[in-house]
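K.L.:
This is the structure I have questions about; it appears just below.
Read the figures in this text as sums done on the coordinates, not as results from a lab. From a predicted model like this one, the values you see are computed outputs, not experimental measurements. Note: ideal-geometry Cβ built from the backbone for every residue, glycine included; neighbour counts use all protein chains shown.
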Amino acid sequence: MRELEWAYPLRWDEVKEVSTDVLILGGGIAGCWAAIAAAKKGLKTILVEKGATIRSGAGGSGCDHWESAATNPCSRVTPEELTMAMIKDHNGYNNGISHYIECREGYDRLLDLERMGGKIRDTENEFVGAEFRDEKTQFLFSYDYENRFTLRVWGTTFKPALYKECKRLGVEIYDRVMATSLITDVNKQQTKVLGATGVNGRTGQFFVFKSKATILCMARPTRIWLFSLGLPGISEFRPLQCMGDGHAMAWKAGVEFTMMEKSLRGQWSGERSYPPYGTGNTHNTWYACSMVDADGKEIPWIDRDGNILKSVSQRYRPSPGQKFFLKGGGESEFPLYEYQGPDTLPIENLLQNGYKLPFYADLPSMPLHERNVIWNVMVAQEGKSRIPIFQRYKEAGFNPEKDLLQSYGEGWTSASFLPRERQLFGIPGGIVNDWNLKTNLEGLYAAGDQLFASDCNGHAAATGYYAGRHAADYAIQTSQSNLNDQQVEFERRRVKSLTNKSEGIGWKEFNLAITRIMQNYCGEIKSRELLNIGLKLLENLETIEVPKLYVRNPHELIRSLEVINILINAKLIINSCLVRKASSKHLHFIRSDYPEMDPIEWHKFITVKLENNKNNKVKVGALPIDYYSSLKENYEIYNEDYIKKRII
Amino acid sequence: MEKKIYVDQGSRIVNPIHFDQNFCTGCNRCVEACQVDVFIPNPERKKTPIVLYPTECWYCGCCVMECPNPNAIRLNPPLMNQIYWKRK
């Protein structure tokens, strides 16, 4: 036992108040892009980040490919075609607005990144002559080599470049500050967001941020069903502290959500899993690596019609008569024939036909350029793979030219989870947005993983920048309002109350209790009875156990505030599950009391929000499945200025 | 709220970060780059940072990527995650 004094000055009783035009909560990919857009409009911009903006967020450590760059000069699909494909592939349960923004502007952000110092081209000419390279632009493409809308990128360079750009533009960055609540004005007909509160995870100092416009750019909820007591840091795919603070504070403030009833059986990470991208597989980073069985027999690849593909090159091409395909195997869990890409034979089929476990990724047999681009670009540049996989495997003797890497999960996963071990993955639920990426509250915008049906780095970047410029336009024509002191004081006391106990329960025990309740009562098969018991147990935790949460320093204060937010998110999920009274294949939603799958009258977005801050009444609404209406026309109506500038 | 905190270095479940005292200059760039905030700076100046919350590590390796000296810091993924490979 070694006694150490806390490393930072303690400022528990200090309150710092700051004002800004645009306030951005969350300094990941979406948050940095939002800050850049707002600051470029000449507005005072504050960025609040719980971790360290230089590397924070799910995309902070890297990114290997940039999806949906439909406006790059080599693309053979239009933004409209690609967005509609993504919508149809999910049977309509997708965010038409945000994904159209991604398809329309994602490539612009990539060019911006290059100007900031990010690497997006094969400037060293390592892949000259490769069939995935465009010789003129030096771009490297992945997946569909004929239609060329997904680029391979050197994403470990991105986050530091974004951070530097934020600093250059004068964005005021508050690192190590957790946003704890939205400050609202509920006196008017419509709730208006006036700013946010925060607390520093090193000093305990409390912050009040006053703003004209606020943008939520935090992570999607995690640690709802999955939590590792021993290794909490790898409970989920995303970092420990990316767990959905933004969803919780938005819910409390009356923001409208949709698709929160959707959850998938765990696929990635968690204590059960090997590191993502670190095992032999055929998808995503590793698309389309050859596989062999235990005896070295090659595993066949097939096209969407089941025809065996004879060459590696064919794995990167649409089937005869197909215009283009989405990723490999399809984008959703239930790929539509129209967009279904090549894949290996299903595992059941392979085992029946005598293929022996374990399977291995066979990089040595891949053509030279394909092997090098998978290992030296994709694995080396993807999030949390450069050091733990690319570097450490090499040090341990792994040679991509000679070694077979074992596969552990089915296909592209790196583990096998139980049906009740669920995650928000594969375009999960989130905040409802309009064509400004505004929420239902005045002055409040959302981007990246806060939006419903979000996914990757390109989506976060494109929606972040878009929300930043629309929030800035709003801030320009609005004035600062006075804050409700009572509301701020209430929040300060709530945060402080966790710090004045000398014993109690810790945040890990609390998190584990939530995941147990959710696995038992909101697992794969749901019903009104189960969900209601789950909700009641969560409410008991909230009233009886939250007051017992005990912290010893500001770091533990953050962890405890997080688990309270996880509890709120769990309640939001159960409430959403209760109100969809039908099962749905694409929402991975099974109600034993409403077993009919996808009845037509339920083919719509069900929305939920808290009626106001005073009671817990959930207001249920619905939006047509195509509420975003015509993509191109609407986009052009809302973005005249941007389109004009882009042409110049 | 107490001013002292206690680090029990004997009961670590995992040891995700190893510093080499011969190369680490105690610049604390890793401390500032870690989004999970698993480190604290060493109270002694120019000494290696302390991994105060090892079990919270996400194993992203950003501390290694930000380190100005590649020999000073090493990421150790959890032992249970050792992957098998074989020569073809």
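K.L.:
Which listed residue (A:ALA70, A:MET86, A:GLY27) has the Cα farthest towards the positive end of the charge dipole for chain A, taking +1 on Lys and Arg C-beta and -1 on Asp and Glu C-beta about the Cα centre?
P.N.:
A:GLY27
K.L.:
Given Cβ point charges of +1 (Lys, Arg) and -1 (Asp, Glu) and nothing else, what value in debye, to the nearest 20, does the dipole of the stretch B:17-76 about its Cα centre take? Kindly include the intermediate steps, with their values, before the conclusion.
P.N.:
On the way: 5 positive and 6 negative charges, 42 e Å.
So the magnitude is around 200 debye.
K.L.:
Only four residue types carry charge here, +1 at the Cβ of Lys and Arg and -1 at the Cβ of Asp and Glu. Report the dipole size of the stretch A:459-534 about the Cα centre in Debye, rounded to the nearest 20.
P.N.:
Working: 10 positive and 8 negative charges, 30 e Å.
The calculated dipole for the stretch A:459-534 is roughly 140 debye.
K.L.:
Rounded to the nearest 5, what % of DSSP beta bridges with both residues in the protein assembly as shown are antiparallel? Don't skip to the answer; put the middle values down first.
P.N.:
Working: 54 of 81 bridges.
That works out to approximately 65 percent antiparallel.
K.L.:
Tell me what chain B gives for mean residue ellipticity at 222 nm when only DSSP H runs of n ≥ 4 count, each as -39,500 (n - 2.57), the sum divided by the residue total, rounded to 500 deg cm²/dmol.
P.N.:
-2000 deg cm²/dmol
K.L.:
If you don't mind, there's one more thing I want to ask. Can you work out the base-10 log of I(q)/I(0) for chain A at q = 0.05, 0.10, 0.11, 0.12 1/Å, using the Debye formula on its C-alpha atoms alone?
P.N.:
-0.21, -0.91, -1.11, -1.33
K.L.:
PRE reach from A:LYS167 (point 7 Å along Cα→Cβ): which of the stretch B:11-33 fall under 17 Å by backbone N?
P.N.:
B:27-33
K.L.:
How far apart, in nm, are the 7 Å Cα→Cβ label points at A:LYS394 and A:GLU503?
P.N.:
According to this spin-label approximation, the distance is 5.3 nm.
K.L.:
A follow-up question, please. Computed over the Cα atoms of the stretch A:284-406, what is the ratio Rg over Rh, Rh following Kirkwood? Present the calculation step by step, with values, prior to reporting the outcome.
P.N.:
On the way: Rg = 15.2 Å, Rh = 15.5 Å.
Expressed as Rg/Rh, it is 0.98.
K.L.:
Now for a different question. Taking the alpha-carbon centroid of each part, what is the distance from the stretch A:290-360 to the stretch B:13-54 in angstrom?
P.N.:
Answer, in whole Å: 45.
K.L.:
Tell me which of A:SER416, A:ASN433, A:ILE389 sits at the most positive position along the dipole axis of the stretch A:374-443, charges placed on C-beta atoms (Lys, Arg +1; Asp, Glu -1).
P.N.:
So the residue we want is A:ILE389.
K.L.:
From Cα pairs below 8 angstrom and at least 6 apart in sequence, can you work out the relative contact order of the stretch B:17-76, rounded to a whole percent? Each step should come with its number before you reach the end.
P.N.:
Details: 97 pairs, mean separation 26.9, N = 60.
Relative contact order comes out at 45 percent.
K.L.:
Using a 7 Å offset from the Cα along the Cα-to-Cβ direction at both A:ALA294 and A:SER527, what is the distance between the two label points in nm, to one decimal?
P.N.:
It works out to 4.1 nm between the two label points.
K.L.:
Name the residue farthest towards the positive end of the dipole of the stretch A:95-178 from the options A:LEU169, A:GLN138, A:LEU151, assuming +1 on Cβ of Lys and Arg, -1 on Cβ of Asp and Glu, about the Cα centre.
P.N.:
Looking along the dipole axis, the top candidate is A:LEU169.
K.L.:
Take the alpha-carbon centre of the stretch A:491-563, take the same for the stretch A:567-585, and report the distance between them in whole Å.
P.N.:
After rounding, the separation between the Cα centres reads 19 Å.
K.L.:
On to the next question. Beta carbons within 10 angstrom, averaged per residue: use that to sort the peptides A:318-326, A:28-36, A:304-312, highest first.
P.N.:
Values: A:318-326: 17.6, A:28-36: 33.1, A:304-312: 13.2.
Averaged packing, sorted descending, gives the order A:28-36, A:318-326, A:304-312.
K.L.:
About its Cα centre, how strong a charge dipole does the protein assembly as shown have in debye, to the nearest 20, once Lys and Arg get +1 and Asp and Glu get -1 at the Cβ?
P.N.:
1380 debye
K.L.:
Here is a follow-up. What is chain A's relative contact order, in percent, from Cα pairs under 8 angstrom and six or more apart in sequence? Write out the running numbers ahead of the final one.
P.N.:
Working: 1463 pairs, mean separation 131.9, N = 648.
Answer for chain A is 20 percent.
K.L.:
Averaged over every viewing direction, what's the projected area of the C-alpha convex hull for chain B? Give it in nm², one decimal, please. Could you put the intermediate results ahead of the total?
P.N.:
Details: hull surface 30.9 nm².
Computing the convex hull of the Cα atoms and averaging its projections yields 7.7 nm².
K.L.:
Here is a further query. Please give the contour-minus-distance gain from A:VAL579 to A:LYS252: 0.36 nm per residue of separation, less the Cα-Cα distance, rounded to one decimal in nm.
P.N.:
Working: separation 327, 0.36 × 327 = 117.72 nm, distance 1.84 nm.
The A:VAL579-A:LYS252 span can extend by a further 115.9 nm.
K.L.:
Just need the relative contact order of the stretch A:1-158 here, percent rounded to a whole number, with Cα pairs under 8 Å and 6+ apart.
P.N.:
Working: 213 pairs, mean separation 35.5, N = 158.
Dividing the mean separation by the residue count of the stretch A:1-158 yields 22 percent.
K.L.:
Now for a different question. For every helix of n ≥ 4 consecutive DSSP H residues, a contribution of -39,500 (n - 2.57) applies; sum these over chain A, divide by its total residues, and give [θ] at 222 nm rounded to the nearest 500 deg cm²/dmol.
P.N.:
Working: 15 runs with 182 residues, N = 648.
Dividing the helical sum by the residues of chain A leaves -8500 deg cm²/dmol.
K.L.:
Sticking with this one: How many nm is it between the label spots at A:ASN353 and A:LYS619, if each spot is 7 Å from the Cα in line with the beta carbon?
P.N.:
Taking the simple label geometry, A:ASN353 and A:LYS619 are separated by 5.6 nm.
K.L.:
Counting Lys and Arg as +1 and Asp and Glu as -1, what is the net charge of the other residues whose Cβ lies under 9 Å from the Cβ of A:CYS74?
P.N.:
Its environment carries a net charge of +2.
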